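Okay, so here's the structure we're looking at.
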Amino acid sequence: MSNYSEIFSEISELLQKGKARDIIGSVQKALDAGAEPADILQNALMDGMNIIGGKFKRNEVFVPEVLIAARAMNKATEALKPHLARAGVQPVGKAIICTVKGDLHDIGKNLVKMMIEGKGIEVEDLGVDCDTQFVVDKVRETDAKVLCLSALLTTTMAAQKDVIDALKEAGIRDRIKVMVGGAPVTQGFADEIGADAYTPDAATAAEVCREFYA
């Protein structure tokens, strides 16, 4: 990495500042200099997301800054994808994310999605107000290892339990790790409904999610 440390630092800083246009040029500069696509992803882009995630957890930056950084991450990874594919670099794994039935909130879900993608995990976003059976069908259809369920209302928290119960009934509960989150959700509630993990914020959610692929 030492040969490219300067350009990697530049990319990391541009990501943290959310400079989506500039970051694509810097990624191309790194490629032109001979840096491996996987190294750019790991040592520049993921490094930047890890730094912004840490600042978010420490309340040094807030949701708008993280969203802007995550958008820059997405732009950079889009530019890098063809090069990663040619180099044979695959995502760490796949996850599914959604907001549960009856709940139309998506900012928290979108934030978690982008932070998880920043860990090198492919995320299929099912959207909001997702019917329980639809979620179960998606788990059955894919090889996703983690399912993230978001609920922002006390009235929709129960739908997280509905999904877990439906996965059990379908005989596929042991195939997937279920993570739950959202403003009213607590560790106690997660334990009560049989979830595999609860996290209080998006940065921690991404860290815990990544641990399931270790």
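Hey, can you tell me all the residues within the stretch 103-124 that are buried (at least 17 other Cβ atoms within 10 Å of the Cβ) and either aromatic (F, W, Y) or not in a helix (DSSP H, G or I) (or both)? Reasoning before the result, please.
Residues of the stretch 103-124 that are buried (at least 17 other Cβ atoms within 10 Å of the Cβ), as a first pass: 103, 105-106, 108-121, 123.
Matches in the stretch 103-124: D103, H105, D106, G118, K119, G120, I121, V123.
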Could you go through the stretch 192-211 and let me know if any residue there is surrounded by fewer than 16 Cβ atoms within 10 Å (Cβ to Cβ), of a type in the set (S, T, Y) and touching a strand residue (DSSP E or B) at 6+ places or on another chain (Cβ under 8 Å).
no
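In a helix (DSSP H, G or I), closer than 26 Å to A85 by Cβ, at pLDDT below 95 and over 18 Å from the mean Cα position of the chain (by Cα), is that true of N74?
Values: in a helix (DSSP H, G or I): yes; closer than 26 Å to A85 by Cβ: yes; at pLDDT below 95: yes; over 18 Å from the mean Cα position of the chain (by Cα): no.
So N74 does not fit the description; no.
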Subset tally (residues that are under 12 Å from the mean Cα position of the chain (by Cα) and without any contact (Cβ under 8 Å) to a residue 12 or more places away in the chain) for the stretch 84-98
0
Confirm whether I40 is in contact (Cβ under 8 Å) with a residue 60 or more places away in the chain, among the β-branched types (V, I, T) and more than 24 Å from T142 (Cα to Cα).
no
Select from the stretch 161-191 the residues that are over 28 Å from N59 (Cβ atoms) and assigned to a loop (DSSP other than H, G, I, E, B) and write down the one among them that is most open to solvent (accessible area, probe 1.4 Å).
G171
Does the stretch 120-142 hold any residues that are out of contact with any Leu (no Cβ under 6 Å at 6 or more places or on another chain) and among the acidic types (D, E), and which are they?
E122, E124, D125, D131, D137, E141
With (1) closer than 21 Å to C209 by Cα; (2) free of Cβ contacts under 8 Å to residues at least 60 places away in the same chain; (3) of a type outside the set (K, R) as the list, and Q160 as the residue in question, which single condition is left unmet?
(2)
Under the condition of being out of contact with any helix residue (DSSP H, G or I) (no Cβ under 6 Å at 6 or more places or on another chain) and either within 18 Å of V63 (Cβ to Cβ) or of a type in the set (S, T, Y) (or both), which residue from the stretch 125-144 is most open to solvent (accessible area, probe 1.4 Å)?
V128
Among residues of the stretch 80-102 being touching a Leu at 6+ places or on another chain (Cβ under 9 Å) and part of a helix (DSSP H, G or I), the residue least open to solvent (accessible area, probe 1.4 Å) is L80
Evaluate the stretch 194-205: report whether one residue or more is hydroxyl-bearing (S, T, Y) and in a loop (DSSP other than H, G, I, E, B).
yes
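The values are calculated or read from the model by the stated rules, or taken from the named source; none is laboratory data. This structure is a prediction, so every number in the text was calculated from the model and none was measured. For neighbour counting, all protein chains shown are included, and Cβ atoms are generated from backbone atoms with ideal geometry for every residue, glycine included. Ligands, DNA and RNA are excluded from the accessible area calculation, which covers all protein heavy atoms including side chains. Shrake-Rupley method; radii C 1.70, N 1.55, O 1.52, S 1.80 Å.
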